[in-house]
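Asks: What follows is a structure written as structure tokens; I'll ask about it next.
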């Protein structure tokens, strides 16, 4: 069965997860995504997996994750002949994805204004670190800086007496890429209605603010200062993490505490806590939250996680296992819900599925990411370039075939 986006051609002039992640989702649903890379070593994202403190290994897992199902075109965008090729591609494409700085886009003559004049039906998706206005338009931005640190998220999750928390690789990039994908899909729908393309804009800063929007809205509303809790000095003992006898932990979340506290105490075989005058009422539990947290910590430390997991599940108490990233790949709930998918051309090797499904429109089974310049010749031939012209372009180092 053809993919939902079969026949949609995407040009991807972008690097490092954020905007290429949107292209990955489009490729999952059948779009032809052409990833443009510079001659030489290609996209610098190919080498990210070597950077510490990322997990070390032989497999290029970063590139594998975000470049599956794509084609690689190696092209010197700074050259006149390279620009001619991009123009030819734009004439025959539906979407262009980029996260280059506005000054670079202007220098390369691939700004929205320039390319929409060539193809008025083009959807032009531009992602930035800090937005398209203000003094920091050209400032380099990654999810660790623009999404995690600048948005207030990094400070918000810092324990009151602890060190700042580092973000993991792609932690803000991949959610932000879903924003870009949604905007592209909306723009394609608008084109169906109007016949015209448009420009979509998003930034890591805006996505970070959206992710931290409840606390930022609180600040806008003049609410009291948020103080990040510690495990022992929490202001809410039933919204807290606890360690079990086997060293494993879980996060307890009683959102409807007024209704659930008695049920919770009965479930963990501590019914007397519900009658204890220090904890009987919500206001009492808030005043004595550190005392209750200490009691619960000692109690949960007496049994392993598997025992507590069954007790809490059997009594419909809301909690979450605190898993390591290595444990997620054997999580049966993830496996049974198709969160991991196998490469069609690499039996046994798996990658992470994009996070939604359309019932009547299955995704393409992923194929291995492209080698550098793997599809250069194929793409040029599709544009009508003959062998002699392609050979001349290669000799001039305008293009590079894998």
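Asks: With contacts defined as alpha carbon pairs under 8 Å and 6 or more residues apart, what's the relative contact order of segment 165-216 in percent?
Replies: Relative contact order comes out at 36 percent.
Asks: Next question. Give me the extension gain from residue 155 to residue 256: residue separation times 0.36 nm, minus the current Cα-Cα distance, reported in nm with one decimal.
Replies: Length gained between residue 155 and residue 256: 33.7 nm.
Asks: Quick one: length gained pulling residue 337 to residue 80 fully straight, 0.36 nm per residue minus the C-alpha distance? Walk me through the intermediate numbers first.
Replies: On the way: separation 257, 0.36 × 257 = 92.52 nm, distance 4.86 nm.
Length gained between residue 337 and residue 80: 87.7 nm.
Asks: So how far, in whole Å, is the C-alpha centre of segment 50-103 from the one of segment 330-367?
Replies: Using only Cα atoms to place each centre, the spacing works out to 23 Å.
Asks: Any idea how far the Cα center of segment 27-42 sits from the one of segment 184-245, in Å?
Replies: 30 Å
Asks: What length, rounded to one decimal in nm, is gained on full extension from residue 360 through to residue 232, with 0.36 nm per residue of separation minus their alpha-carbon distance?
Replies: Working: separation 128, 0.36 × 128 = 46.08 nm, distance 4.89 nm.
Between residue 360 and residue 232, full extension yields an extra 41.2 nm.
Asks: What FRET efficiency, computed as 1/(1 + (r/R0)^6) with R0 = 51 Å and r the Cβ-Cβ distance, is obtained for residue 318 and residue 388, rounded to the nearest 0.05? Intermediate values should be presented prior to the final figure.
Replies: Values: r = 67 Å, r/R0 = 1.32.
For R0 = 51 Å, the calculated efficiency reads 0.15.
Asks: Assuming a ≥ b ≥ c are the square roots of the Cα gyration tensor eigenvalues, decide whether segment 25-82 counts as rounded (a/c under 1.5), prolate (otherwise, with a/b larger than b/c) or oblate.
Replies: Oblate is the answer for segment 25-82, as a/c is 1.5 or above yet b/c matches or exceeds a/b.
Asks: Could you work out which residue, out of 167, 297, 221, moves most in a Gaussian network model of the chain, that is, has the largest mean-square fluctuation with Cα springs under 10 Å?
Replies: Taking springs between Cα atoms under 10 Å, the residue moving most is 221.
Asks: Follow-up. Report relative contact order for the chain in percent, whole number only (criteria: Cα-Cα under 8 Å, sequence separation at least 6).
Replies: Working: 668 pairs, mean separation 78.9, N = 402.
Relative contact order of the chain: 20 percent.
Asks: Grab the beta carbon distance between residue 290 and residue 138, set R0 = 41 Å, and tell me the FRET efficiency rounded to 0.05.
Replies: For residue 290 and residue 138, the calculated efficiency is 0.30.
Asks: I need to check one value: relative contact order of segment 24-99, counting alpha carbon pairs closer than 8 Å and at least 6 residues apart, in percent.
Replies: 37 percent
Asks: Of 120, 355, 370, which is the most mobile in a GNM of the chain whose springs link Cα atoms less than 10 angstrom apart?
Replies: Residue with maximal mean-square fluctuation among 120, 355, 370: 355.
Asks: Now, a different point. Of the candidates 106, 212, 266, which one comes out as most mobile in a Gaussian network treatment of the chain with C-alpha springs shorter than 10 Å?
Replies: 266
The numbers here are math on the coordinates, done by the rules we state, and not lab data. Small disclaimer: the values here were computed from a predicted structure and weren't measured. Every residue, glycine as well, gets a Cβ built from its backbone with ideal geometry; the counts of neighbours run over all protein chains shown.
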